[in-house]
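Peer 1: After the structure tokens below, expect a handful of questions from me.
The values are calculated or read from the model by the stated rules, or taken from the named source; none is laboratory data. Note that the coordinates shown come from a computational prediction; the quantities given were computed from them, not determined experimentally. No Cβ is skipped: glycine too gets one built from the backbone with ideal geometry, and neighbour counts run over all protein chains shown.
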Amino acid sequence: MGGPGSDSDCSLAKPGFTSGDSSLVSVNTGCLHVNSSTKKGRRLQLCQMISLPFIPILALVAQTLIILLGAISSQREAATIENQVDLTVEVGRLLSALQQERLEIAMHIFQGKDRLELSSYFGKTDDAIRNTTAAFTSKYDSWNSIFGSKVNFMDHLSLLSMKRLSVLELNEKTDREDDEAIKEIEWYNIANDLILDQLSTRIRDTSSTHAWRNLIAYKYIIKSIENFSISIVYGLYYFGRGRLTAYSYARFVRFDSLAYDYLNASQQFSPLIFRDYANFMKTFQHTQNMSITRGHIYNNVNISGNKEGAGIYYEYMIAFIDELRTYQERLRDVILLAVQEDLQDATQKQTLSVGILILVIMISPVIVSLITNATQTIQAFSQVLVEKGTEIKRERRRCDRLLSQMLPAPVIKALKERRKVPAETFDSVTVYFSDIVGFTNISSKSTPLE
């Protein structure tokens, strides 16, 4: 029974053989082929399991942060535009007062308007300056918030009283040239240009708000009103003197053309102005008179001085400018409404983004805990399976060893392959008879394997 084949099988089945253990215990898993049977491998596997779910979470956090930063930027932009448009309210009143005073001085020079009546307009302008200064002292700290380093505007404005006197004194001279008076009135043009330049700089063109087209139209309508106001001065000159000099004619053509260019441009950017202006010109009773008078001035036809005609021209041009100012106010309301909508939208985006971030921060520890527990449970179960597999392998080797001691190797092989074991003939056999003392008692206390 203990032939050479049996000795070979027994030597392969010694307890020190570990090839079967290695095949069961050394299991590489994951994209990094981590050996989960070791302590280090289990830690790496746990890190993998935790990091994988956080890839989409980090992408969500990054996207939310981008939306949040965009909302904050939009909110700041909208708030800035709101302040800028609000700034034009008081400054616009000052601008209107200076424009009106310029027209009244032109009426005084070319139409002989009463000087006492003119003084009342001086008082209105002074009130507008005081009100604007007071408003910006409380809202924007100082005039420098508007004009920055443009201290020349303050220097220019400080000459207002002196300029009024010089214009009035010049008008009393009989030997003066009309162009001299016009050049004195141009002081108002410079003051208004300084205001318009700063307003144009402060009211920025931006595409981050829905109001950007209306913002451009708003600036253009303000500039259109200013240029119309200047052109009226030369219109009064024409009616008062019957003809424009070459200098004054060139100035009228320039400012009148700019006024209509800005008006047309504002209509391109604002459907509101386009619609309302078209309706106004259809119903305005002096539309035809405006066109005819404009043609006369462009032709510079020599006429006799006509105070009555100048008064009519002045009245319907003032009505025309007042209509343009209503467009300015409507545009301001539309812009502020759009800005409020942008602010609300930005606030909602910020609230939603912050809510998502808080939710992710709150859920992340729960996800980590669940994944950790699940991974540790799987690792523990895997470890149990490995141990059970190792134990089964060990028992199988023990059974093979016992069989190899009891049966010849060919018989064992046939039995394992579930084939019929053929009968064999041997020339000689040895029969060993023995007896174990107390075998029955020992068997009753032993397991079947023992």
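Peer 1: Among the numbered criteria (1) surrounded by fewer than 15 Cβ atoms within 10 Å (Cβ to Cβ); (2) modelled with pLDDT of 70 or more, which one does residue 68 miss?
Peer 2: (1)
Peer 1: Now for a separate question. Quick one: which residue in 327, 277 is of a type in the set (Phe, Trp, Tyr), at pLDDT 90 or above, assigned to a helix (DSSP H, G or I) and within 21 Å of residue 88 (Cα to Cα)?
Peer 2: 327
Peer 1: To continue, here is another question. Scan region 303-324 residue by residue and report those that are more than 17 Å from residue 289 (Cα to Cα) and not in a helix (DSSP H, G or I).
Peer 2: The answer is 304, 305.
Peer 1: Run down 189, 152 and say which single residue is at pLDDT below 60 and either in a helix (DSSP H, G or I) or within 20 Å of residue 95 (Cβ to Cβ) (or both).
Peer 2: 152
Peer 1: Let me ask something else about it. Is it the case, given these coordinates, that residue 440 is assigned to a helix (DSSP H, G or I) and surrounded by 12 or more Cβ atoms within 10 Å (Cβ to Cβ)?
Peer 2: Here the answer is no, as residue 440 does not meet what is asked.
Peer 1: If only one of 348, 328 is loosely packed, with under 14 Cβ neighbours inside 10 Å and not basic (Lys, Arg), which one is it?
Peer 2: Being loosely packed, with under 14 Cβ neighbours inside 10 Å and not basic (Lys, Arg) holds for just one of 348, 328, which is 348.
Peer 1: Right, here's the next one. Filter region 284-302 for residues that are in a loop (DSSP other than H, G, I, E, B) and within 10 Å of residue 239 (Cα to Cα) and give the result.
Peer 2: 302, the sole residue that qualifies.
Peer 1: Please verify whether residue 291 is surrounded by fewer than 18 Cβ atoms within 10 Å (Cβ to Cβ) and under 19 Å from residue 107 (Cβ atoms), treating the condition exactly as stated.
Peer 2: no
Peer 1: Additional query: From the list 378, 367, 361, pick out the single residue that is hydrophobic (A, V, I, L, M, F, W, C), surrounded by 12 or more Cβ atoms within 10 Å (Cβ to Cβ), under 30 Å from residue 57 (Cβ atoms) and free of Cβ contacts under 8 Å to residues at least 60 places away in the same chain.
Peer 2: Values: 367 fails: free of Cβ contacts under 8 Å to residues at least 60 places away in the same chain; 361 fails: surrounded by 12 or more Cβ atoms within 10 Å (Cβ to Cβ).
378 is the lone residue from the list that is hydrophobic (A, V, I, L, M, F, W, C), surrounded by 12 or more Cβ atoms within 10 Å (Cβ to Cβ), under 30 Å from residue 57 (Cβ atoms) and free of Cβ contacts under 8 Å to residues at least 60 places away in the same chain.
Peer 1: With the requirement that a residue be β-branched (Val, Ile, Thr) and within 30 Å of residue 82 (Cβ to Cβ), what does region 339-387 give you?
Peer 2: Residues satisfying the conditions are 339, 347, 351, 354, 356, 358.
Results for (1) under 43 Å from the mean Cα position of the chain (by Cα); (2) touching a residue at least 60 places away in the same chain (Cβ under 8 Å), shown as yes or no for each residue.
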residue: 227; (1), (2): yes, no
residue: 245; (1), (2): no, yes
residue: 249; (1), (2): no, no
residue: 256; (1), (2): yes, no
residue: 283; (1), (2): no, no
residue: 293; (1), (2): no, no
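Peer 1: If the requirement is being free of Cβ contacts under 8 Å to residues at least 24 places away in the same chain and in contact with a helix residue (DSSP H, G or I) (Cβ under 6 Å, 6 or more places away or on another chain), which of these qualifies: 331, 403?
Peer 2: The match here is 403.
Peer 1: If you don't mind, there's one more thing I want to ask. Can you go through 392, 378 and tell me which one is under 60 Å from the mean Cα position of the chain (by Cα) and closer than 30 Å to residue 43 by Cβ?
Peer 2: 378
Peer 1: Follow-up. Just to be sure I understand, how many residues within region 203-226 are farther than 16 Å from residue 73 by Cβ and either assigned to a helix (DSSP H, G or I) or at pLDDT 85 or above (or both)?
Peer 2: 14
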